[in-house]
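Nothing in this text is a laboratory measurement; each read-out follows from the coordinates by a stated rule. Source: prediction; values computed, not measured. Every residue, glycine as well, gets a Cβ built from its backbone with ideal geometry; the counts of neighbours run over all protein chains shown.
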Amino acid sequence: MSDYKINNTKSGRFDFLENIETSTPEDDLKKLSKLSIFLKEKRKIISQLEMQLAEAKENERQLSQEEIPMLLLKNNITSVNLEDGSEVSIQEKIRVSLPKKDVMKRITIMKWIIENGGANIIKRELKIEEPEKGVIDFLKENNVFFEDKKDIHASTLKAWFSSKLGMSKNSLQEIEIGDVPIEANLFIFKETKIK
């Protein structure tokens, strides 16, 4: 008889009642086998739950961004009150992102943002292998390796585009959707809002 016992509970936790000092290598191997099987089962359950979650999220997205907005727009309805007292309406939203891997596309959209009044939202980060005193010109003149990275935080980029497109409260449209370069990965959609 082994000196340990695995108690499986509803929460998926287990307790060990063991005396490490008196366990034999044979007992430890049995324990290892049981624990490994238990781990494999848990990983399988997690994988199945992750697949179910991904499917549920996709179903929610289809309802929120496609089916309900389509029905409301088809019937020229901006909002409707349900029997339970909640209000269903749609709002226009955007999704936008900078290219991560394609440097040329990233340079193109950064240049366009600067040309359209967004220079102040760009964050610049310099990473230097072995820091020296001075500025970029000094580094270039002295052949010091550095990475010059320009970035815009995702929420800042979204807010900037919302404002420029006139989609934010109290903002006037300054740019047309058709003028936005494809490199911005701009996606405008309607989403269901339930209060």
Sorted on mean Cβ neighbours within 10 Å (highest first), peptides 116-122, 73-79 come out as 116-122, 73-79
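Where does the charge balance sit around E174 when Lys and Arg score +1, Asp and Glu -1, over other residues with C-beta under 13 Å from its C-beta?
Surrounding charge for E174 is -2.
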Rounded to the nearest 0.05, FRET efficiency between E50 and N142 (Cβ-Cβ, R0 41 Å) equals 0.20
Taking 0.36 nm per residue of separation between S86 and I175 and subtracting their Cα-Cα distance, the length gained on full extension comes to 28.5 nm
Whole-Hz Karplus couplings 3J(HN,Hα) for the range 82-99, θ = phi - 60° and coefficients 6.51, -1.76, 1.60, Gly and Pro as x, run 8, 4, 7, x, 7, 10, 10, 9, 10, 9, 7, 10, 10, 10, 8, 8, 8, x
A correct fewest-to-most ranking of W160, W112 by other Cβ atoms within 10 Å would be W112, W160
Among L39, A119, I77, the residue whose Cα sits farthest towards the positive end of the charge dipole of the range 30-123 (+1 at Cβ of Lys and Arg, -1 at Cβ of Asp and Glu, taken about the Cα centre) is L39
